[in-house]
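Here is the structure we will look at.
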Amino acid sequence: MEFPQYSPVVFFIAAAALVALLGLGLTALIAYRRRRTGRLVERYGTEYDRTVEQLGGREKAEKDLIGRENRVDRYTIRPLSDAERGRFAQSWSRTLGRFVDSPAAAVSEADKLLTEVMRVRGFPTADFDQRAADLSVNHPRLAQSYHAAHDLALKSRGGQADTEDLRQTLVHYRALYEELVEASPVEAVAAAAH
């Protein structure tokens, strides 16, 4: 059996076409990654930077953030009913009132209250790191406050927080509370829809 003989020009054209296709594919991949990075930076802001630093690189961080989005998309996150918001508002008022006499207890109650709010809204609540990561998907600007509040709450449990630290913790928790509880159902649904 004989194979047809091709001129070197045919091989050159075939090689040039293959190189051009590889170049187009590489260009498309680079453009896709830039768009993905831009979307994630715009969406997550400082949470993007924190995740890059925590995980040690952009690729790992972006994979983690996309994984968060996919995970949260499977949850049934719902707005609170008026009755639930009213109940949580009463609990929040009691917690704030307790701060004067027992700041550490108030911080502990605020932490538990926000965990309960997240549970009622549909977030899994077993692990702080996952709660914070899940929260960052629809409320990225609050993730930094949640981390800061949690760190200060841990400092308080260890007896290493002064009254100003505890006050600052409640300031962070208040931002979370307002976003998760006081937001109208329409705003909550809009946030959940990204």
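Classify the range 67-121 as rounded, prolate or oblate from the Cα gyration tensor: take a ≥ b ≥ c as the square roots of its eigenvalues, call it rounded if a/c is under 1.5, otherwise prolate when a/b beats b/c and oblate if not.
Details: a/c = 5.22, a/b = 1.84, b/c = 2.84.
It is oblate, given that a/c is not under 1.5 and a/b is not larger than b/c.
With +1 on the Cβ of every Lys and Arg and -1 on the Cβ of every Asp and Glu, and nothing else charged, how large is the dipole of the range 25-126 about its Cα centre, in debye rounded to the nearest 20?
That gives the range 25-126 a dipole magnitude of about 440 debye.
Excluding Ser108 itself, calculate the net charge of residues whose Cβ lies under 15 Å from the Cβ of Ser108, where each Lys or Arg counts +1 and each Asp or Glu counts -1.
Working: positive: Arg94, Arg98, Lys112, Lys155, Arg157, Arg167; negative: Asp101, Glu109, Asp111, Glu116, Asp151, Asp165.
That sum, taken over residues with Cβ under 15 Å, equals 0.
Can you give me the angle between helix 140-157 and the longest principal axis of the chain, using Cα atoms only, in degrees from 0 to 90, rounded to the nearest 10?
Rounded to the nearest ten degrees, it is 50.
About the Cα centre of the range 82-192, what is the dipole size in debye to 20, counting +1 per Lys and Arg Cβ and -1 per Asp and Glu Cβ, all else neutral? It would help to have the intermediate numbers written out before the result.
Working: 13 positive and 17 negative charges, 33 e Å.
Here the size comes out at about 160 debye.
Please work out whether the range 82-192 counts as rounded, prolate or oblate from its C-alpha gyration tensor, where a ≥ b ≥ c are the square roots of the eigenvalues and a/c under 1.5 means rounded, while otherwise a/b larger than b/c means prolate and anything else oblate? The partial results should precede the final answer.
Details: a/c = 2.05, a/b = 1.39, b/c = 1.48.
Oblate shape, in that a/c is at least 1.5 and b/c is the bigger or equal ratio.
Of Val100, Ser136, Leu26, which is farthest along the charge dipole of the chain in the positive direction, counting Lys and Arg as +1 and Asp and Glu as -1 at C-beta?
Leu26
Sum up the charges of everything whose Cβ sits under 12 Å from the Cβ of Leu152, counting Lys and Arg as +1 and Asp and Glu as -1, but leave Leu152 out. Intermediate results must be reported in sequence, preceding the final value.
On the way: positive: Lys155, Arg157, Arg167; negative: Asp111, Asp151, Asp162, Glu164, Asp165.
Once all neighbours under 12 Å are counted, the net charge is -2.
Compute the helix-to-body angle for 163-177: its Cα long axis versus the longest principal axis of the chain, expressed 0 to 90° and rounded to tens.
Between the helix axis and the principal axis of the chain, the angle is about 60 degrees.
Could you check the simple spin-label distance between Ile13 and Leu29, using points 7 Å along Cα→Cβ, in nm with one decimal?
2.8 nm
Would you mind putting 64-73, 23-32, 157-166 in packing order, based on average other-beta-carbon counts within 10 Å, highest first?
On the way: 64-73: 15.5, 23-32: 10.0, 157-166: 13.0.
Descending packing order for the listed peptides: 64-73, 157-166, 23-32.
What is the dipole size for the chain, taken about its Cα centre, with +1 at each Lys and Arg Cβ and -1 at each Asp and Glu Cβ, in debye to the nearest 20? Don't skip to the answer; put the middle values down first.
Numbers: 27 positive and 27 negative charges, 58 e Å.
Its charge dipole is roughly 280 debye.
Just want the answer: with Cβ charges of +1 for Lys and Arg and -1 for Asp and Glu, which residue in Ala14, Leu113, Gly38 is farthest toward the dipole's positive end in the chain?
Farthest along the dipole direction, towards plus: Ala14.
Would you mind classifying the range 1-159 by shape? Square roots of the alpha carbon gyration tensor eigenvalues, ordered a ≥ b ≥ c; an a/c under 1.5 is rounded, otherwise it is prolate if a/b is larger than b/c and oblate if not. Mind showing how you got there, number by number?
Numbers: a/c = 4.64, a/b = 3.22, b/c = 1.44.
Prolate shape, in that a/c is at least 1.5 and a/b is the bigger ratio.
Roughly what angle does helix 8-44 make with the longest principal axis of the chain, taking Cα atoms, 0 to 90 degrees, to the nearest 10?
Once rounded, the angle reads 10 degrees.
Just from its helices, what would the mean residue ellipticity at 222 nm be for the chain, if runs of 4 or more DSSP H residues each count -39500 (n - 2.57) and the sum is divided by every residue, rounded to the nearest 500 deg cm²/dmol?
Numbers: 9 runs with 151 residues, N = 194.
Computed ellipticity for the chain at 222 nm equals -26000 deg cm²/dmol.
Each value in this text was obtained by applying a stated rule to the coordinates, not by laboratory testing. Everything quoted here is computed from the prediction, not taken from an experiment. Cβ: placed from backbone, ideal geometry, glycine included. Neighbour counts: every protein chain shown.
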